[in-house]
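Here's the structure, in structure tokens; my notes come after.
Computed from the coordinates by the stated procedures, all read-outs in this text should not be read as laboratory data. All figures in this text were calculated on a predicted structure; none of them were measured in a lab. Using ideal geometry, Cβ is built from the backbone for each residue, glycine included, and neighbour counts are taken over all protein chains shown.
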Amino acid sequence: MTGRLQSELRQSKPFACLEVEAVISVARTADALLRHLEEALKTAGLSPTQYNVLRILRGATPQGLACGEIAGRLITRDPDITRLLDRLEQRGLLERARETRDRRVVITRIRPAGLRLLKTLDRPLVDLQRRRLGHLGPRRLRLLIELLEAARGGKREEIPASKRVRQASKRNRPPSQGRRVSPGRKTSKESGKMNTRRG
């Protein structure tokens, strides 16, 4: 039976494994959601990454952030964050100035024009996301968030070694087995057999 993702991609062969299918499904879903965001931001003349930068700077008001700090908080990495900031500065949406204590550090701050622009976008973009994902409901949305966070973590939760040993011994122990016998110590049955042989 062909899955929905296979049909969407017009792929005849099955995926190599579930992990491959999951990665492609996440990428395709992210692309679909991003396309709708791009369309909504066109009216403001912003790209999703530029919008992300303005929101980051709004959250860092009034102290501002250095270029590297902005880059570290971006949802998607941008190889040329300096040029991106240049464009926003040319539009009067942010400003940059050297730190008084350390002249090597340039601090970027959002300007009032940037704050006003974000305010016009806040409600429409929240409504957009609700239209796109609201049908999942709160319970499934929370589950989706948890699964995506687990996927980004990249590791299955480790069980302490001592607990793994106890679990393994319980699984491997026959149901009829009684109390444990220390290595080298013989059970009463074994001792009886040996005594019989000696007699």
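Structural descriptor for the range 1-78: relative contact order 18 percent, calculated from alpha carbon pairs under 8 angstrom and at least 6 residues apart.
Just need the relative contact order of the range 45-121 here, percent rounded to a whole number, with Cα pairs under 8 Å and 6+ apart.
34
Each eigenvalue of the Cα gyration tensor of the range 1-42, multiplied by 5 and square-rooted, gives one semi-axis; in descending order these are 26, 11, 6 Å. Projected over all directions and averaged, the alpha-carbon convex hull of the range 45-121 occupies 4.9 nm².
Cα centroid separation, the range 75-154 to the range 1-42: 24 Å. Derived from the Cα gyration tensor, the three semi-axes of the equivalent ellipsoid of the range 5-140 are 35, 19, 13 Å, largest first.
Just want the ordering: Leu118, Leu74, Leu18, Leu54, from fewest to most Cβ atoms lying within 10 Å of their own Cβ.
On the way: Leu118 19, Leu74 14, Leu18 8, Leu54 22.
Taking fewest neighbouring Cβ atoms as first place, the list is Leu18, Leu74, Leu118, Leu54.
For the range 1-79, the calculated P(r) over all alpha carbon pairs, in 5 Å bins from 0 to the bin holding the longest distance, is 3, 12, 17, 15, 13, 12, 11, 9, 5, 3, 1, 0 percent.
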